[in-house]
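Structure first, commentary second.
The values are calculated or read from the model by the stated rules, or taken from the named source; none is laboratory data. No experiment lies behind these values; they were computed from the predicted model shown. Reconstructed Cβ throughout: ideal geometry from the backbone, glycine too, with neighbour counts over all protein chains shown. Note: areas computed on protein heavy atoms with side chains; ligands, DNA, RNA excluded. Shrake-Rupley method; radii C 1.70, N 1.55, O 1.52, S 1.80 Å.
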Protein chains: 2
Amino acid sequence: MGEFPTVTDVARVAGVSRQTVSNVMNTPGIVKADTRARVEAAISALGYRPHASARRLRTRRSSTIGIRLDPMIDGISGSVLDRFLHALTEQADARGLRVLLFTATSPEDEISQFRRLNDGADVDGFVLTSTTADDPRTEWLLEQGIAFVTFGRPWRSDDFTAPRHPWVDVDGYSGLHAATRAQQDAGATRIAYIGWPSPSGTGDDRRRGWHDAMLERGDVSAEDLACLEVVTADGVDQGAAAMQQLARTAGGIDAVLCASDALALGAMIANPARVPVTGYDNTPIAAAIGLSSVDQPVDEVAAAALELLAGEFEGKSGAPSDPAPPPFRMVTPRLITRQFAAIPRDSVPVNALVSEVSR
Amino acid sequence: MGEFPTVTDVARVAGVSRQTVSNVMNTPGIVKADTRARVEAAISALGYRPHASARRLRTRRSSTIGIRLDPMIDGISGSVLDRFLHALTEQADARGLRVLLFTATSPEDEISQFRRLNDGADVDGFVLTSTTADDPRTEWLLEQGIAFVTFGRPWRSDDFTAPRHPWVDVDGYSGLHAATRAQQDAGATRIAYIGWPSPSGTGDDRRRGWHDAMLERGDVSAEDLACLEVVTADGVDQGAAAMQQLARTAGGIDAVLCASDALALGAMIANPARVPVTGYDNTPIAAAIGLSSVDQPVDEVAAAALELLAGEFEGKSGAPSDPAPPPFRMVTPRLITRQFAAIPRDSVPVNALVSEVSR
């Protein structure tokens, strides 16, 4: 025990050369059937495995990180997490780490996946996305002492002073603040915001960026500001409907900022006055149709996540308790400005978005 | 050897109860520091691992499949492979299989990843995407006797009679044939095609679907048909340029079919006459802007791939040679018809696609 069988052990038990064992593993077609059967019996009896698995058992390291693949809710807003997964996998490969994917239907289901993968020593740690306040997943991982990092802050009051766990996030507040400033600098005063219902960690953060930049400039009173805001679920149709509502009730607007590119695309469609529209996430759609957008630098997020996770691996196998609070990284988004002209309302009917005929 | 240390072994070496060992693994916070240190030392000395890893070693099964994550070339055409990955991960989870991701910069690099993952017993088999004729990856896997299935046919003359390996593909020929027929049935006779340079397995297959449907109907002579075709690299700008070329040289067109949604989006932008445009892959962009498109049913592809791979697992561990040729599945795509009106050329400037200003 503590040692693992080697090719030499297999060769001895099977009564063949080490080269023959290697041939059975790698080019079985060239080995006679009865010899192959004898070698396979020896491999099975000894529980022989090539080096990596044995090393995994010895070192208690799988060199693998687990991440949940979020369901494809819509192809627009969800694409930033796909971009993050690409960046994470590429940078993990460069560090000799592998990425194991799983799906989960709920936080509880995700926790049972954590348990399974951790019990099986399939992964060394986890990268979590889409954090929420009082996230049951992070609570469970903390209790178990399992290494993890989140893309998304813990959404608690001590996020920046004594965070509960290592995290990386993109500063949506500064993204919306900069987007608002860019419109103000271009001469806009009545800048509307189409966002998501509160409470939403990311949504509330983005909204505050717009809200604070508006109050700081002082072009619009706090009372008037309420007329410039529409709250809605995410989606293209919802963005179009919100834009129509602003046209009816906002008393004139110079620009619109949105919490997502899906909302922004809808706002562009229902935008006969060609008011500038800015989205969030810089999705392929924004690039394709010429929509300004706030870009989340997923490469930076992935690099920071892997660095913090590597620190966790060291911490978990080293001293039992580290008095310093866990580290975190706030990544600043970039405003991508595109010279777009809005799509006239009559050219792309909104009903095209929902009426599909298959044959 | 052949046996693995158990919780009982750890408890005996550490001089504690089995429950205490379990506590150290699962709720270390409740164990006294010196007891925990003793248990951890015993775990480390014995090379103890919870059950799944030991079972993996005994059974020689990792219950994991490997797949290369393709680089994000552009967010439009590449999204179908992301959709496939989501479908594959969800259905693999349902079958108790995990998906291990890796990246590779070339077919040779991908082969060295195959070797590493196979040698390490990290995966039971592979799912390959983006097959080419004389694919060095499939040749290598066949030589090694490693289980795999491809999303993409082998692109050989015996694909349907005696394929080299199990494969699943989407019938691009019938997708373009149906899309051509749909336009013909709506009264179009001069139907243009914007596609990729030959040789391209998928591109040539899609082109033939249009070509045959055009010749079958006989509205256009074979000579005239050549004027209705533009060959270009993939991309939005390329689609717009191809549409402009058709306007100059095709002598009037009633409809345009494209090898991708990226080309189709470009064609829609440079489409002042509002000719119907059909893309391929039914990407989020097609849904968002109301573009007809040929949809690849990735759920069906993923289900078929996992089924064929499961058959390979049985084959590899069962009889050494199976005389029947490997199985394959051809999945029929669906034509999604949307009632779009083209985006007028002056409303979305093409230069917006390339001019980005960050701040």
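Condition check for B:Val354 on (1) closer than 27 Å to B:Val256 by Cβ; (2) buried (at least 16 other Cβ atoms within 10 Å of the Cβ); (3) more than 7 Å from chain A (Cβ to nearest Cβ); (4) modelled with pLDDT under 80: one failure, at (2).
Only residues that are open to solvent by 10 Å² or more (accessible area, probe 1.4 Å) and either over 25 Å from B:Asp299 (Cβ atoms) or among the charged types (D, E, K, R) (or both) were counted across the range B:170-187, and they come to 7. For A:Asp346, the stated conditions do not hold, so it cannot be described as more than 13 Å from chain B (Cβ to nearest Cβ) and at pLDDT below 95.
Say whether the condition of being modelled with pLDDT of 95 or more, touching a Ser or Thr at 6+ places or on another chain (Cβ under 6 Å) and part of a strand (DSSP E or B) is met by at least one residue in the range B:311-331. No, the range B:311-331 contains no residue that is modelled with pLDDT of 95 or more, touching a Ser or Thr at 6+ places or on another chain (Cβ under 6 Å) and part of a strand (DSSP E or B). Confirm whether A:Ala162 is in contact (Cβ under 8 Å) with a residue 12 or more places away in the chain, within 12 Å of chain B (Cβ to nearest Cβ) and either among the acidic types (Asp, Glu) or not in a strand (DSSP E or B) (or both). Spelling it out, it is not the case that A:Ala162 is in contact (Cβ under 8 Å) with a residue 12 or more places away in the chain, within 12 Å of chain B (Cβ to nearest Cβ) and either among the acidic types (Asp, Glu) or not in a strand (DSSP E or B) (or both).
Are any of the residues in the range A:189-200 within 30 Å of A:Ile146 (Cα to Cα) and open to solvent by less than 60 Å² (accessible area, probe 1.4 Å)?
Yes, that holds for at least one residue.
Of all residues being open to solvent by 50 Å² or more (accessible area, probe 1.4 Å) and at pLDDT below 80 in the range B:28-48, which is farthest from the other protein chains (Cβ to nearest Cβ)? Just the residue, please. Per the stated criteria, the residue is B:Ile30. Mind checking whether some residue in the range B:328-337 is under 30 Å from A:Ile269 (Cα atoms), surrounded by fewer than 24 Cβ atoms within 10 Å (Cβ to Cβ), touching a strand residue (DSSP E or B) at 6+ places or on another chain (Cβ under 6 Å) and among the hydroxyl-bearing types (Ser, Thr, Tyr)? Yes, the range B:328-337 has at least one match.
So that you can scan it fast, the table gives a plain yes or no per residue for (1) closer than 19 Å to A:Arg98 by Cα; (2) not assigned by TED's automatic domain parsing to the domain that holds B:Glu223:
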position	(1), (2)
B:Arg115	yes, yes
B:Asp119	yes, yes
B:Leu128	yes, yes
B:Ala133	no, yes
B:Pro136	no, yes
B:Thr161	no, yes
B:Pro197	no, no
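Take the conditions in contact with a helix residue (DSSP H, G or I) (Cβ under 7 Å, 6 or more places away or on another chain), at pLDDT 90 or above, hydrophobic (A, V, I, L, M, F, W, C) and open to solvent by 40 Å² or more (accessible area, probe 1.4 Å) and apply them to A:Cys227. Does it pass? Spelling it out, A:Cys227 is indeed in contact with a helix residue (DSSP H, G or I) (Cβ under 7 Å, 6 or more places away or on another chain), at pLDDT 90 or above, hydrophobic (A, V, I, L, M, F, W, C) and open to solvent by 40 Å² or more (accessible area, probe 1.4 Å).
In the range B:278-296 there is at least one residue that is out of contact with any helix residue (DSSP H, G or I) (no Cβ under 8 Å at 6 or more places or on another chain), among the acidic types (Asp, Glu) and either assigned by TED's automatic domain parsing to the domain that holds B:Ala259 or under 27 Å from A:Gly239 (Cβ atoms) (or both).
Suppose the filter is more than 9 Å from chain A (Cβ to nearest Cβ), in contact (Cβ under 8 Å) with a residue 24 or more places away in the chain, of a type in the set (Val, Ile, Thr) and over 25 Å from B:Asp224 (Cα atoms); does B:Val298 pass it? Let's see the steps before the verdict.
Numbers: more than 9 Å from chain A (Cβ to nearest Cβ): yes; in contact (Cβ under 8 Å) with a residue 24 or more places away in the chain: yes; of a type in the set (Val, Ile, Thr): yes; over 25 Å from B:Asp224 (Cα atoms): yes.
Considered against the rule, which asks whether it is more than 9 Å from chain A (Cβ to nearest Cβ), in contact (Cβ under 8 Å) with a residue 24 or more places away in the chain, of a type in the set (Val, Ile, Thr) and over 25 Å from B:Asp224 (Cα atoms), B:Val298 comes out as yes.
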